[in-house]
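Report on the structure given below.
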Amino acid sequence: MYTAIFVILFVVSASMAGLFVTLFITKKKEFDEYFEEFKDVIDINKETKKYQKELEERRRQYEKFAVKYATIEHKLKSSYAQKRSVYENLIKEISLLEEQAEDLSYGLYEPHFNFDTSERYKIEIQNIKKQQKEMVRAKNAATCGQEWTVAGSKSEGTKMTNRTMKLMLRAFNNECDAAVLKVRWNNVQKMRERVMKAYEAINRLGEPVAIEINPNFLELKVKEIGLAYEYQEKLRAEKEEQRRIREQMREEEKVRREIETAMQDAIREEQAYNKALEKARQEMVSAQGERLEKLKTQMSLLEEKLKEAEEKNRRAQSMAERTKSGHVYVISNIGSFGEEVYKIGLTRRLEPKERVKELGDASVPFAFDIHAMIYSENAPELENAFHKHFRDKQINLVNSRKEFFAVSLDEIEEHAVANGLTVEFTKIAEAKEYRETMAILSANNKEHQSKQIVNNKFPASL
């Protein structure tokens, strides 16, 4: 009985062992299949964890570096800003000291004074200098905000203070005097800045001993520079006015001589024609036939010439009596000034073209072309009307006596017609010498280009 039970148990155990082995083999096979299928995923996870750790470590390192870099960048920017500021200040101060034209300021200077004559400016400069001297004598030009003692002595401290003030004022005065001597139309602003810089620099030197130059003393120095500049400008304007007056006097003298000559010529012609007529009349008394007819024709011609001479004399006398009569001319010079630039001026000459010829002979490379010649009994008034109408188109905005305008000939003619003037305008400028010069230059250029082409095609070495 026990044997049977043992056999049964053995069979059951063997069966279960077989089943377990079979199940193990099956699961092992499934596991191997799953492992083979998902082994990459397992490796990626490992690598991901690994790289996450490395990334975290690098992020921490980067954050430390970023903080360090930001600190360095801030220091560099701050250092650069400081050095840039120093550099710009140095450049500005150097430019104030340099005298080269390219470093000068050409800003417009607004006049602060409005005296009529250079002598009045001179007197005002003397007054400014007098005020400066009075401030120095009264010891108000520089002040000390503290009482000093030297080796316990107040008197020695006062001596030291006075010596320091004297040195500071001497340095400042020297700088201001140099600026006044050098001031010109193109550097007046720079000279004022230079004085103010000197004022600031010298006062910084006086800070340790509480000494500074009085701002009122600086104001007087700045005024002196403005006065010195405007004084020079007034002198220049007066010289220009004197030159203009001398030129006008020369022109009037030419007009006077021209009128006198014309009157004398007319008188001589009248006398000669009267004498010839008297002689012809006497001959007619005894003349007959063909001779008589010739004398009649001759007398008719002499009477016509006599009338012309008398008219010439009357015109010359009229010009002499009417001091404002003359011609307003419109001329151009495209070779010198370009297209649509016209000079509008006046002349009292009996032969106005002579004046235009003189202008062309003076200081321009080509002759002027006349577009209009307008006679007026009040030529200055007519000329002024033209100048006033085209003032906004005047080329020289500083010297209004330069009578050149950037305007079209049609505009000038429209203004003349609008004012009731009857005048014929010559629209096309002949510009003979200029156009011939351009033709010669063009021909020379073509010849030069032809030679280059020949030389390129047939080199000399061939």
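Laboratory data are not the source of any read-out in this text; all were calculated from the coordinates shown. None of these values were measured; they are calculated from a predicted model. Using ideal geometry, Cβ is built from the backbone for each residue, glycine included, and neighbour counts are taken over all protein chains shown.
Which entries in the list Lys139/Lys223; Lys133/Lys221; Lys353/Lys393 go over 18 Å, if you measure between the two C-alpha atoms of each?
Lys139/Lys223; Lys353/Lys393
Please list, in order along segment 330-341, the HN-Hα scalar couplings obtained from phi with the Karplus expression 6.51 cos²θ - 1.76 cosθ + 1.60 (θ = phi - 60°), rounded to whole Hz, x for Gly and Pro.
Once rounded to whole Hz, the list reads 10, 10, 9, 8, 5, x, 9, 10, x, 6, 6, 10.
Only sites in a loop by DSSP and with at most 15 other Cβ atoms within 10 Å count here; which trypsin sites (Lys or Arg not before Pro) in segment 184-230 make the cut?
Arg184
In sequence order, what are the phi-derived ³J(HN,Hα) couplings for segment 158-171 according to the Karplus relation 6.51 cos²θ - 1.76 cosθ + 1.60 with θ = phi - 60°, rounded to whole Hz, with x for glycine and proline?
Result, ordered by residue: 5, 4, 4, 4, 5, 5, 5, 4, 4, 5, 5, 5, 5, 4 Hz.
Rounded to the nearest 0.05, what FRET efficiency do Glu339 and Arg257 give with R0 = 30 Å and r taken as the Cβ-Cβ distance? Could you check?
It comes out at approximately 0.20.
Residue by residue through segment 209-218, what is 3J(HN,Hα) from phi via Karplus (6.51 cos²θ - 1.76 cosθ + 1.60, θ = phi - 60°)? Round to whole Hz and write x for glycine and proline.
My calculation for segment 209-218 gives 10, 6, 10, 9, 7, 5, x, 5, 5, 4 Hz in order.
Out of residues 5 or more away from Phe368 or on other chains, whose amide H comes under 5 Å of its own, with H placed 1.01 Å from N in the peptide plane?
Counting only residues 5 or more places away or on other chains, the set is Gly360.
What list do you get for Ser332, Ser325 if you sort them by fewest beta carbons within 10 Å?
Ser325, Ser332
Give me the base-10 log of I(q)/I(0) for segment 326-430 at each q in 0.18 Å⁻¹, Debye formula, one uniform scatterer per Cα, rounded to two decimals.
-0.85
If contacts are Cα pairs under 8 angstrom and at least 6 residues apart, what is the relative contact order of segment 326-430 in percent?
Computed over segment 326-430, the figure is 32 percent.
Under 5 Å between amide H atoms, partner at least 5 residues away or on a different chain: which partners does Ala210 have, H built in plane at 1.01 Å?
none
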